Amino acid sequence: MSSVLLKPAAHPAAPSPGPAPAPESKTIRIGPRAHIPRRRFALAKPVPGGILLGPALLLLGWVIGAWANWIDPRVLPAPWTVAQTFWQLASDGRLESNFTTSAVRAGEGLAFGTVAGVVVALLSGLTRTGEYLLDGLVQVKRAVPVLALIPLLVMWLGIGEPMKVAIIAISVFIPIYMQLHFALRGIEARYIELACVLRLNYLQFLRWIVLPGALAGFLLGLRLAVAAAWIALVVVEQINATSGIGYMISLAGTYGQTDVIIAGLVVYAILGLTAEVLVRLLAKALLPWQRTFAG
Amino acid sequence: MKPVVCVRGLERGYEGKAVLDNLNLDIAPGEFVALLGRSGSGKSTFLRALADIDTEVSGSGMVVVPEGLAVVFQDARLLPWARVLDNVVLGLAGGDARARGRTALAEVELAGRERAWPGELSGGEQQRVALARALVRKPQLLLADEPFGALDALTRLKMHALLRRLCAAHQPAVLLVTHDVDEAIALADRVLVLEQGRIAADIVTRGTAAAALRHTLLGLLGATQELAGTS
């Protein structure tokens with residue numbers, strides 16, 4: 001009986017001879033995918049080093065403008081003048097000593113500010129008592145611009161290095177604290193549930209869930225902190241300083257040496273970019289699991 | 001035999017609305033129980049009450065569960081920053097923990113992937129790691145909250161076979177929360193239907209014809225007769 005039933009069913013399944021009727025629906029597309037603009041909304045693929053295009057064009061404009069005498073050298077000296085000055089400053093040792101002073105200041109401020117930010121964020125992020133004692137204080141501090149504290153810190157610490165490092169450290173402390181505290185409190189509830197189900201003890205909970213979960217937030221804080229340290233460095237080096245890149249720049253301003261000013265700014269840029277690259281490398285080393293998503 | 005799970009008069013409510021209503025249940029050691037129910041029937045709330053992670057709801061009642069309890073969630077819930085083996089042995093004590101973890105990974109056919117990051121695995125592989133993490137603890141009770149709900153149909157079938165094999169080998173009592181009637185029939189010794197916070201049906205699957213059981217269960221879940229008739 002089943003064979004009788006199956007026989008008529010076999011006929012429609014056989015391929016029908018002749019050309020297939022043209023599809024009436026307009027949404028059917030047959031052919032190479034290149035005809036479909038599927039990247040209409042996506043950004044084009046990144047070209048390695050493409051980010052350098054803007055700076056390169058700026059440099060080219062500067063070279064052409066100086067070469068054609070379109071730019072008054074008193075306003076902006078030619079790139080080769082700046083390069084010459086840079087070389088001169090470097091060879092007579094002024095650049096090196098000022099650079100070292102600035103780098104040490106920024107480094108010390110970053111180190112103290114980061115350690116303080118991490119400790120306070122952990123205390124206030126992981127306990128309610130810590131939050132009640134510390135978070136309010138930090139928020140009040142945050143409302144007062146760091147630069148407004150300079151007169152007070154000069155009274156307390158004098159005009160020497162401790163005051164300068166303290167200003168930088170305070171500038172660094174805020175973004176570290178904010179980002180890390182936010183990241184600690186932002187640990188997903190489902191991971192906390194998992195910790196309960198797996199009966200982790202508190203140390204295991206910190207080691208495997210809280211700290212690695214907050215690490216990305218901390219590294220973002222560190223990037224912001226590096227930027228904050230730079231701003232603070234520039235400010236403190238123009239107040240009562242007798243050395244440092246900022247001092248070199250303000251002195252050059254007094255004598256109208258635009259080329260020295262530009263050379264100083266170039267050093268600041270190099271310092272800033274180096275710090276940014278270091279933080280990015282640190283992030284890559286500490287978050288290897290994220291590389292799989294970035295491709 | 002003394003039941004491994006004993007629930008008496010369990011009540012759970014959320015914002016004044018009852019989610020579980022005077023619920024009673026015993027599960028025998030090694031018994032595989034599937035808990036079916038529509039969305040909002042309270043099945044996840046029940047599982048969370050057994051796992052003692054239902055902090056957001058209020059309620060009363062008696063729950064006795066064994067010390068050796070493991071949970072598999074719908075999302076594999078692996079720590080993305082920990083390698084596969086570290087995820088499996090997370091919180092496990094003892095010097096042989098890592099060796100046991102390797103064995104568990106081999107059991108779920110993931111030997112050799114110990115050092116992979118969870119983000120490098122497919123959804124099915126991640127759920128297998130979650131199974132290994134549960135089984136390496138040698139649980140007397142395994143709670144599974146729609147563990148295969150996010151997987152494609154073919155992977156789900158493979159996972160069914162794997163789970164059956166693992167349960168036969170380790171003999172834990174299982175409470176599997178699912179909304180999939182066929183999954184419940186394929187895996188369970190006993191099927192419960194939860195309806196508005198109460199157990200509306202408690203059916204032993206052994207000796208019941210699958211087609212008839214399917215028809216009954218679909219009817220209990222409120223599917224229309226035509227839908228229940230097709231197979």
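Please specify each residue of the range A:186-208 satisfying the condition of being polar (S, T, N, Q) and either part of a helix (DSSP H, G or I) or more than 9 Å from chain B (Cβ to nearest Cβ) (or both).
A:204
Can you go through B:77, B:8 and tell me which one is buried (at least 17 other Cβ atoms within 10 Å of the Cβ), modelled with pLDDT of 90 or more and either of a type outside the set (Asp, Glu) or outside the structural domain of residue B:119 (by TED's automatic domain parsing) (or both)? Full working, then the answer.
On the way: B:8 fails: buried (at least 17 other Cβ atoms within 10 Å of the Cβ).
On inspection, the qualifying residue turns out to be B:77.
When the residues of the range B:36-62 are narrowed to those that are part of a strand (DSSP E or B) and small (Gly, Ala, Ser), which ends up most open to solvent (accessible area, probe 1.4 Å)? Can you show your working first?
Restricting attention to the range B:36-62, the residues satisfying the condition of being part of a strand (DSSP E or B) are B:36-37, B:58-62.
If we keep only those that are small (Gly, Ala, Ser) too, we end up with B:37, B:58-61.
Details: B:37: 3, B:58: 78, B:59: 57, B:60: 63, B:61: 52 Å².
Applying the filter and picking the extreme gives B:58.
Please verify whether residue A:34 is assigned to a helix (DSSP H, G or I), over 29 Å from the mean Cα position of the chain (by Cα) and at pLDDT below 90, treating the condition exactly as stated. Break it down into steps so the answer makes sense when it comes.
On the way: assigned to a helix (DSSP H, G or I): yes; over 29 Å from the mean Cα position of the chain (by Cα): yes; at pLDDT below 90: yes.
In short, yes.
In the range A:123-137, is there at least one residue being within 14 Å of another protein chain (Cβ to nearest Cβ) and assigned to a helix (DSSP H, G or I)?
From the range A:123-137, those within 14 Å of another protein chain (Cβ to nearest Cβ) are none; that's our starting set.
No.
Have a look at B:72, B:33, B:88, B:65 and point out the one that is touching a Lys or Arg at 6+ places or on another chain (Cβ under 6 Å), within 14 Å of chain A (Cβ to nearest Cβ) and either of a type in the set (Phe, Trp, Tyr) or crowded, with 18+ Cβ neighbours inside 10 Å (or both). Write out each step before concluding.
Working: B:72 fails: touching a Lys or Arg at 6+ places or on another chain (Cβ under 6 Å); B:33 fails: within 14 Å of chain A (Cβ to nearest Cβ); B:65 fails: touching a Lys or Arg at 6+ places or on another chain (Cβ under 6 Å).
B:88 is the lone residue from the list that is touching a Lys or Arg at 6+ places or on another chain (Cβ under 6 Å), within 14 Å of chain A (Cβ to nearest Cβ) and either of a type in the set (Phe, Trp, Tyr) or crowded, with 18+ Cβ neighbours inside 10 Å (or both).
Considering the range A:182-192 alone, what residues qualify as being in contact (Cβ under 8 Å) with a residue 60 or more places away in the chain and open to solvent by 30 Å² or more (accessible area, probe 1.4 Å)?
Of the range A:182-192, the ones in contact (Cβ under 8 Å) with a residue 60 or more places away in the chain are A:184-185.
A:185 - this is the single residue of the range A:182-192 that is in contact (Cβ under 8 Å) with a residue 60 or more places away in the chain and open to solvent by 30 Å² or more (accessible area, probe 1.4 Å).
Can residue B:110 be described as within 22 Å of the chain's Cα centre (by Cα), more than 14 Å from chain A (Cβ to nearest Cβ) and closer than 23 Å to residue A:209 by Cα? So that I can check it myself, show each step before the final result.
Values: within 22 Å of the chain's Cα centre (by Cα): yes; more than 14 Å from chain A (Cβ to nearest Cβ): yes; closer than 23 Å to residue A:209 by Cα: no.
Spelling it out, it is not the case that residue B:110 is within 22 Å of the chain's Cα centre (by Cα), more than 14 Å from chain A (Cβ to nearest Cβ) and closer than 23 Å to residue A:209 by Cα.
Kindly indicate which of A:127, A:100, A:81, A:85 is open to solvent by 30 Å² or more (accessible area, probe 1.4 Å) and in contact with an Asp or Glu (Cβ under 8 Å, 6 or more places away or on another chain). Before you say what the answer is, go through the steps one by one.
Working: A:127 fails: in contact with an Asp or Glu (Cβ under 8 Å, 6 or more places away or on another chain); A:100 fails: in contact with an Asp or Glu (Cβ under 8 Å, 6 or more places away or on another chain); A:85 fails: open to solvent by 30 Å² or more (accessible area, probe 1.4 Å).
Answer to the selection: A:81.
Go through the range A:137-150 and give me each residue that's open to solvent by 80 Å² or more (accessible area, probe 1.4 Å) and within 22 Å of residue A:243 (Cβ to Cβ).
Selection gives A:147 alone.
Have a look at A:76, A:52 and point out the one that is in a helix (DSSP H, G or I) and either hydrophobic (A, V, I, L, M, F, W, C) or free of Cβ contacts under 8 Å to residues at least 40 places away in the same chain (or both). Break it down stepwise before answering.
On the way: A:76 fails: in a helix (DSSP H, G or I).
After applying the criteria, what remains is A:52.
Answer with yes or no whether residue A:159 is touching a residue at least 24 places away in the same chain (Cβ under 8 Å), over 25 Å from the mean Cα position of the chain (by Cα) and open to solvent by 40 Å² or more (accessible area, probe 1.4 Å).
Details: touching a residue at least 24 places away in the same chain (Cβ under 8 Å): yes; over 25 Å from the mean Cα position of the chain (by Cα): yes; open to solvent by 40 Å² or more (accessible area, probe 1.4 Å): yes.
Yes.
Go through A:165, A:172, A:119 for me and flag whichever is open to solvent by 40 Å² or more (accessible area, probe 1.4 Å) and assigned to a helix (DSSP H, G or I).
Values: A:165 fails: open to solvent by 40 Å² or more (accessible area, probe 1.4 Å); A:172 fails: open to solvent by 40 Å² or more (accessible area, probe 1.4 Å).
Checking each option against the conditions leaves just A:119.
Answer yes or no: is there a residue in the range B:93-102 that is assigned to a helix (DSSP H, G or I), away from every other protein chain (no Cβ under 12 Å), open to solvent by 10 Å² or more (accessible area, probe 1.4 Å) and among the small types (Gly, Ala, Ser).
Yes: one or more hits.
Just checking: which of the helices (runs of 4 or more DSSP H) contained wholly in the range A:216-295 hold 1 or more residues that are under 30 Å from residue A:72 (Cβ atoms) and away from chain B (no Cβ under 14 Å)? Talk me through it step by step, then tell me what you get.
Working: elements: A:245-255, A:258-286, A:291-294.
Helices (runs of 4 or more DSSP H) meeting the threshold: A:245-255, A:258-286.
The values are calculated or read from the model by the stated rules, or taken from the named source; none is laboratory data. Just so we're clear, the structure is a prediction, and the values are computed from it rather than from any experiment. Virtual Cβ from ideal backbone geometry, glycine too; neighbours counted across all protein chains shown. Ligands, DNA and RNA are excluded from the accessible area calculation, which covers all protein heavy atoms including side chains. Shrake-Rupley method; radii C 1.70, N 1.55, O 1.52, S 1.80 Å.
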